[in-house]
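The values are calculated or read from the model by the stated rules, or taken from the named source; none is laboratory data. Quick caveat, the model's predicted, so the values are computed rather than measured. Using ideal geometry, Cβ is built from the backbone for each residue, glycine included, and neighbour counts are taken over all protein chains shown.
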Amino acid sequence: MAGLLAGAVALYFTLVGMVQAFSKRAVVASLSLGHITLLLAAGTVLYVFALRDRTSGPGRLLQTAFAGGLGGLLLGLYPYLGQWVDFHYMFVRTSPELYALLRFGLSPTAGLVLMVVAGAALGALLAALTLPGRFWRNAIIEASLVTITVGMLSDLFKGMTIGGIFTPFLNAEGLNYIGAVLVFGLTIAYVVFARRRREQRAALEASGEAPKTPAQPDTRRWMVAGVLVIVLLALPAVLGSYLSHVLNMVGLYVIMGLGLNIVVGYAGLLDLGYVAFFALGAYTMGLLTSTGPLGIAHFTFWEALPFSIVVALIAGILLGIPVLRMRGDYLAIVTLGFGEIIRILALSNWLKPFIGGAQGILLIKKPPFGPWTLTTPIHFYYLILAGIGVAFFVAYRLRESRLGRAWMAMREDEDVAEAMGIDLVTTKLTAFAFGASFSGLSGAIFASYVGSIFPHSFNLLISINVLSLIIVGGVGSLPGVVVGSLALVGLPELLREFAEYRMLMYGLALIAMMLLKPEGFWPEPIRKRELRVEESGD
Amino acid sequence: MAPILIAKGVTKRFGGLVAVNSLDFTIEEGSIASVIGPNGAGKTTFFNCITGFYTPEEGQIIFNGHEIQGFRPDKVTRMGIARTYQNIRLFANMTALENIMVGRHPLMHHNWWDAILHTPRYRKEEKEALAEAQRLLNFVGMSGLGDQMARNLPYGAQRRLEIARALASKPKLLLLDEPTAGMNPNETAEMIRFIRHLRDELGLSILLIEHDMKVVMTISEKIAVMDFGKKIAEGKPEEIQRNPRVIEAYLGRGAASGLGGSEAAATV
């Protein structure tokens, strides 16, 4: 059963064309991303099968190997039968290259045999992996995944200004053997080291020897913060122009994510039209600063910025008023409609004389900064970083206040929140207003960054992206927004091949998140406040 | 004693159903009063009329000298009425301390800009709120549980936390909707002591809805009995225990006549 399932999953990825699309990128030595997709897809199924299997060592090895072989047979039959049957009729992705790939470049029969053997070997390997203790098993899996990730992102290292030091470990594409072994080894070493330290600390605490110095966590926190700031400031110098651009896109999503996190994560109001405020911020910036025919004010970036934010904020309140009485699904539908209305208005002929319709607004001015003008992605990196800083600060401080608690109470139970004396109208409207103004800020920077804006840049997909990244990072969690943005915006920017399969990947990621880690990658920490009170009371 | 709450002819209809039918009720300041009655008698609807969840179609509710019928729930809470719920409704994904601090919302006044800039007003209010939350946590016997998520607390602690949250708004009148529901006899006895303690220590007036007759008879100074939305009796516990209409409402007509008869025979 498991074998057939593994084969079917692998076959599915093959038939939708992912394997072939990915096979152009080498990841580790001569293994391509296509191979790795197959290995991961089939491997996950086989691994779970082996984990559930209760028989003893050799039995499990045999069974999983058999299942793997079966899966290999299923996958191998596709190119084998392809000799006589025209699969292209049904599966448009079928091509001679794909056949060659799945036959390992051999004759059909030899390819089939090899595929069965490979499947069986994979099964046996994974079953063997389940035999040692949980710790080593997880360490090996983590190390493999890290190696694959580093391999996929190896282009990154070459793009860096200090890329030279990595060349001994890289092939033309992907890691070479030395690099792969090195990354794998380092990860294992780190995992083992981390465990040793954890154990030492636990032992210390158990024996009651852990000295409680109240100043220590504080100084450590400052040190971590200091290092983080230095790294963030130095990052573009190391990364170079292209990667800074990628980071900028991530950063714009972080600002939006922080805003939507207030609306969805704190106040629990599901808003699917969030892109509308981003568009309004961008269009306001465009109209006010453009030197083209549509520009109305010829403001500088800094003069126009408050207008962008205020326009978005007012729109947030205007949208908030009609939906005050709505909850859950209904709210989502109305806000979804609002987002589309803004986009369609931007496209409309009616407003074309003012905002350019499908031609958009061009020649948007770059922000001046003292005697200079911010033009390159690296310049903008710092502007966006400052924007994130402000948004982060505001979101964090609001969370720790009467208003933040009111939002969260409303998220948990609206009726009871009202019975606690919380004015639902103003509390909801402030949530919408803050969320919208963050989005407006992001939109304003975006307009200035790309220099020209078009209605089609503001489609529903952006709203969905922002919502997904919040869910992946952890609903209501500020660091989660950053993690989510890196994972859902940064990775796809870097992995060009994924573009076509982005939605499939999102779907997979969201399903996996819901099943395995529903609280997100970096869930909101529980605030420990009672102890602090007691300490200060002593 | 002056009355803290007066309900005059309160009527609430849902379509054709009259859930509360021209109800009159008075609670003296500093007293413990109860509303009892069979399921569906309209007790919780009456609570909801007082706290502003429902607007009664007719009648007046006068709290502390002000008419409050038709006010929004948050306004009613600001005037000094707090409540708990029949099925516990805590903010599940917030810690116990945060739950109590939400309860203090009406007493705090800092704004979003205070919070962002950490103005002196913000610092002062937050400090007070945290200290007060801690104090209330100790008061309901939950010190040490403050950083637990509300959903992870044991049942009895959740009930007490709900009361602490209600107390955080410094109410003059506390409405408790079945505070001993689902408790064992020990916990119930504990809760009776606690409710008395609340009144004696904090000088609150308390209105209870309760099904457990032992609880009602032990702590109430005044009881109103409702059936089909109407008040069918009112008085001291001993009066209520003897009232034939109450027995009829609870046990049915036949039982009431039989009981009344045998009781009459016994007393003669």
**Prompt:** Somewhere in region A:339-352, is a residue buried (at least 19 other Cβ atoms within 10 Å of the Cβ), modelled with pLDDT of 85 or more and touching a Ser or Thr at 6+ places or on another chain (Cβ under 7 Å)?
**Reply:** yes
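Is there a residue in region A:109-122 that is in a helix (DSSP H, G or I), at pLDDT below 75, in contact with a helix residue (DSSP H, G or I) (Cβ under 7 Å, 6 or more places away or on another chain) and more than 25 Å from A:ILE188 (Cβ to Cβ)? Give the derivation first.
Residues of region A:109-122 that are in a helix (DSSP H, G or I), as a first pass: A:109-122.
Within this subset, residues satisfying the condition of being at pLDDT below 75 are none.
Checked against the condition, which is being in a helix (DSSP H, G or I), at pLDDT below 75, in contact with a helix residue (DSSP H, G or I) (Cβ under 7 Å, 6 or more places away or on another chain) and more than 25 Å from A:ILE188 (Cβ to Cβ), region A:109-122 yields no hits at all.
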Log entry, pairs with first residue in region B:198-211 being on the phi > 0 side of the Ramachandran plot and in the same structural domain as B:PHE46 (by TED's automatic domain parsing), second being surrounded by fewer than 23 Cβ atoms within 10 Å (Cβ to Cβ) and not β-branched (Val, Ile, Thr), beta carbons closer than 7 Å, six or more apart or on different chains, reads B:GLY203/B:GLY30
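Going through region B:1-46 one residue at a time, which ones are β-branched (Val, Ile, Thr) and closer than 18 Å to B:PRO171 by Cα? Outline the logic, then answer.
Start the filter on region B:1-46 by keeping residues that are β-branched (Val, Ile, Thr), which leaves B:4, B:6, B:10-11, B:18, B:20, B:26-27, B:32, B:35-36, B:44-45.
Of everything in region B:1-46, those that are β-branched (Val, Ile, Thr) and closer than 18 Å to B:PRO171 by Cα turn out to be B:ILE4, B:ILE6, B:THR26, B:ILE27, B:ILE32.
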Scanning region B:24-64 residue by residue, those part of a loop (DSSP other than H, G, I, E, B) and either surrounded by 23 or more Cβ atoms within 10 Å (Cβ to Cβ) or hydroxyl-bearing (Ser, Thr, Tyr) (or both) turn out to be B:SER31, B:GLY37, B:ALA41, B:GLY42, B:TYR54, B:THR55, B:PRO56
Conditions (1) more than 10 Å from chain B (Cβ to nearest Cβ); (2) touching a residue at least 60 places away in the same chain (Cβ under 8 Å); (3) surrounded by 17 or more Cβ atoms within 10 Å (Cβ to Cβ); (4) under 30 Å from the mean Cα position of the chain (by Cα) -> A:GLY356 fails only (4)
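Hey, does region B:103-123 have a residue that's in a helix (DSSP H, G or I), in contact with a strand residue (DSSP E or B) (Cβ under 8 Å, 6 or more places away or on another chain) and free of Cβ contacts under 8 Å to residues at least 24 places away in the same chain?
First pass over region B:103-123, keeping only residues in a helix (DSSP H, G or I): B:103, B:105-107, B:112-117, B:120-123.
Narrowing further to those that are in contact with a strand residue (DSSP E or B) (Cβ under 8 Å, 6 or more places away or on another chain): B:103.
This time we only want the ones that are free of Cβ contacts under 8 Å to residues at least 24 places away in the same chain, so: none.
Within region B:103-123, none of the residues are in a helix (DSSP H, G or I), in contact with a strand residue (DSSP E or B) (Cβ under 8 Å, 6 or more places away or on another chain) and free of Cβ contacts under 8 Å to residues at least 24 places away in the same chain.
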Residues of region B:86-102 being within 7 Å of chain A (Cβ to nearest Cβ) and either under 19 Å from the mean Cα position of the chain (by Cα) or outside any helix (DSSP H, G or I) (or both), in sequence order, are B:ARG89, B:PHE91, B:ALA92, B:ASN93, B:MET94, B:THR95, B:VAL102
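Test A:ARG405 against the criterion of being in contact (Cβ under 8 Å) with a residue 24 or more places away in the chain and within 14 Å of chain B (Cβ to nearest Cβ), and give yes or no. Step through it out loud before you land on a result.
Details: in contact (Cβ under 8 Å) with a residue 24 or more places away in the chain: no; within 14 Å of chain B (Cβ to nearest Cβ): yes.
No, not satisfied.
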Within region B:146-157, of all residues that are closer than 24 Å to B:MET108 by Cα and surrounded by fewer than 22 Cβ atoms within 10 Å (Cβ to Cβ), the one farthest from the other protein chains (Cβ to nearest Cβ) is B:GLN148
Of A:ARG54, A:ARG60, the only residue that is in contact with a helix residue (DSSP H, G or I) (Cβ under 9 Å, 6 or more places away or on another chain) and modelled with pLDDT under 75 is A:ARG54
All-but-one check, A:THR375 against (1) in a helix (DSSP H, G or I); (2) more than 23 Å from the chain's Cα centre (by Cα), failing number (1)
Filtering region B:95-129 down to residues that are buried (at least 20 other Cβ atoms within 10 Å of the Cβ), touching a Leu at 6+ places or on another chain (Cβ under 8 Å) and under 16 Å from A:THR427 (Cβ atoms) yields B:MET101, B:GLY103, B:ALA115
Yes or no: A:ASP413 over 30 Å from A:LEU363 (Cβ atoms), within 9 Å of another protein chain (Cβ to nearest Cβ), out of contact with any helix residue (DSSP H, G or I) (no Cβ under 7 Å at 6 or more places or on another chain) and surrounded by fewer than 23 Cβ atoms within 10 Å (Cβ to Cβ)?
yes
Inside region A:361-382, the number of residues satisfying the requirement of being under 21 Å from A:GLY295 (Cβ atoms) and in contact with a Gly (Cβ under 9 Å, 6 or more places away or on another chain) is 7
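Look through A:ALA447, A:ALA433 and report the one residue that is touching a Phe, Trp or Tyr at 6+ places or on another chain (Cβ under 9 Å), in a helix (DSSP H, G or I) and of a type in the set (Gly, Ala, Ser). Before the answer, list the steps.
Numbers: A:ALA433 fails: touching a Phe, Trp or Tyr at 6+ places or on another chain (Cβ under 9 Å).
None of the other options fit; the residue is A:ALA447.
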